[in-house]
1. Tell me, what does the Kirkwood hydrodynamic radius of the range 424-529 come to in angstroms if you use every pair of distinct C-alpha atoms?
2. So what's the gap between the Cα centers of the range 172-219 and the range 240-260, to the nearest angstrom?
3. What lysines sit close enough to K271 to cross-link, taking a C-alpha to C-alpha distance under 28 Å and skipping anything fewer than 8 places away on the same chain?
4. Quick one: Cα centre-to-centre distance for the range 36-58 and the range 85-104, in angstrom?
5. On a straight-distance basis, which aspartates and glutamates could pair with K496 in a cross-link, Cα separation under 17 angstrom, same-chain partners fewer than 8 positions away excluded?
6. State, in angstrom, two size descriptors of the range 242-386 derived from its alpha carbons: Rg to one decimal place and Dmax to the nearest whole number.
7. Under the definition of Cα pairs under 8 Å and six or more residues apart, what whole-number percent is the relative contact order of the range 314-435?
8. Within the chain, what percent of beta bridges assigned by DSSP are antiparallel, to the nearest 5?
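Just so it is clear, none of the values below were taken in a lab; they were calculated from the coordinates. Note that this is a predicted model, so its numbers are computed, not measured. Using ideal geometry, Cβ is built from the backbone for each residue, glycine included, and neighbour counts are taken over all protein chains shown.
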Amino acid sequence: MKRIAFTAMLLFAIFLTSFGAISNSLKKFVGDRAENLSYEINNENLLCGQMLQSFYVNRFYNPAWVTQIVPGNNAFDLLDYIRNVDRQGLQPEDYHLQMIEDYLDKIYTSRPVDETDLMLLDVLLTDAFMSLGSHLYYGKVDPEKAGANWELRRKDPDLRLDLELEEALMGNKIVQRLNMLAPAHRSYRMMQKELEFFHDLNGQSWPAILSERAIKPGDSSQVIPKIRERLNKLRYALSDSISITYDEELEKQVKMFQNDWGLNTDGVIGKVTLEYLNYPPSRLADQLKVNMERFRWLPSPSIEKHIVVNIANYRLDLIAGTDTLVSMKAVVGKETRKTPVFNGRMTYLVFNPTWTVPNTILKEDVIPELAKGPGYLTKKNMKLIRNDGSELAYSDVNWSTISGSNFPYTIRQDPGPGNALGKVKFMFPNEYDVYIHDTPSKSFFARDARAASSGCIRVEDPFDLAVSLLSDAPEWSPDNIRNAMQQTKEQTVYLKTPVNVEVIYLTAWIDGKDHVQFRNDVYHNDGKVLEALNQKPEEAGIKTMFLGLN
């Protein structure tokens, strides 16, 4: 009994000695360094900088991951998480995977264990948790540097990942803590399974399916069996048939596929439908990766009533909690006049608005027409306005001296059937002068691709949107709203409850029926984000988004 007690005391003394040696090594490695110097291990940069130093100072340089001279369970939980982080569209090698595995192998195969190896492993694990936590919470890519045209206000910038790690270690909840830092959006969680599906599908044969003509329901074509096989691989359930006839069963699944790609569900297998059917699984997996990153850029989900406009989906949704109150088609900015990604707060709407022509449209579109003669003003129901607000006649201007760079007046379009803003505009003041409005040009809503405006957002059903936004104002019944929209005088109505507006850009997500949705990358932004995602974190175009980065 005395021998057992003595042996236990000896082992405990060895443990304390080793633990103290690791602490001393940590103090030397982490503490004895100027704040502006970066850290590296085996020529690989650490990303945490000052926060890494703060973390170990606050715990008096005691190791975080090593217990009883070996890594504890928390270390292996983090290692497993890193090994599988590609399911979230991130790269395991960004989080020191190879070095962590090498040090673990060395520690478990060497005797005696080198305290320096234990110390370096501890630092690597700490840096990996903080880097991964930052990327899950803020995103790995800085959208402002990746050409993503993304100005959305982001999450709280003061996330203390050193404190997050300390709490995770104390509760032995590394996995749970990292999952809490990841986006809470339902789509994000389900996209992990979709990404895994398309990764698995990537090894299968995927030859191009070609047809010289559009195939309509009832037609016969030699490519019909290939289309059935392709749809089956994409989980659009079809019976095993080798018929070359385009039957009702196939038509139903083609229409579902078209819906999942934002196309008109006419059932015609034309050029665009075939193009999307031919996209290889690797491309779709990359599209999911890019949009999982965009979900990491988004603010946390809101339970309040709010508006979401997805530019790539050409659609506006008014949402409260998990319910979609109103959903409608939208027209967004053309590629040369992109609608920006941003958020604002809608505070009022205007029935029968006047339209003050924005500078870009004025210079590029209107002034060249005005130079041809006064007919344009009359045709468009427009007026020339001086800086003091007074009106002047077309003949009062010497048009031979006027150009887009020296035009000293304002052009205003009065309310009426041809007004560019239609019968109502919805205002959420912002630096881009972008707002949501009606339009007299209804034909655009019949198109699949609706990037046709000068940056503002036109909506198909402005009446329905106005009714929903004013539902808490008894004086604004649907009949009163309809009547107000038929007048010719401008009328401003303030919302009793202002509504947040998020203008976003997603080309993949999961819908309410658990179907993965893909959309065309109308602004050609996906490639830039993917390229940045595939770089090492410290390289150009990428910014690790947490406080204290060196």
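1. This gives a value of 16.6 Å.
2. Measuring centre to centre over Cα atoms gives 21 Å.
3. K216, K226, K233, K252, K255, K289, K329, K334, K338, K442, K513, K528
4. 18
5. The qualifying aspartates and glutamates are E304, D472, E475.
6. 21.9, 72
7. Relative contact order for the range 314-435 comes out at 32 percent.
8. In the chain, approximately 80 percent of DSSP beta bridges are antiparallel ones.
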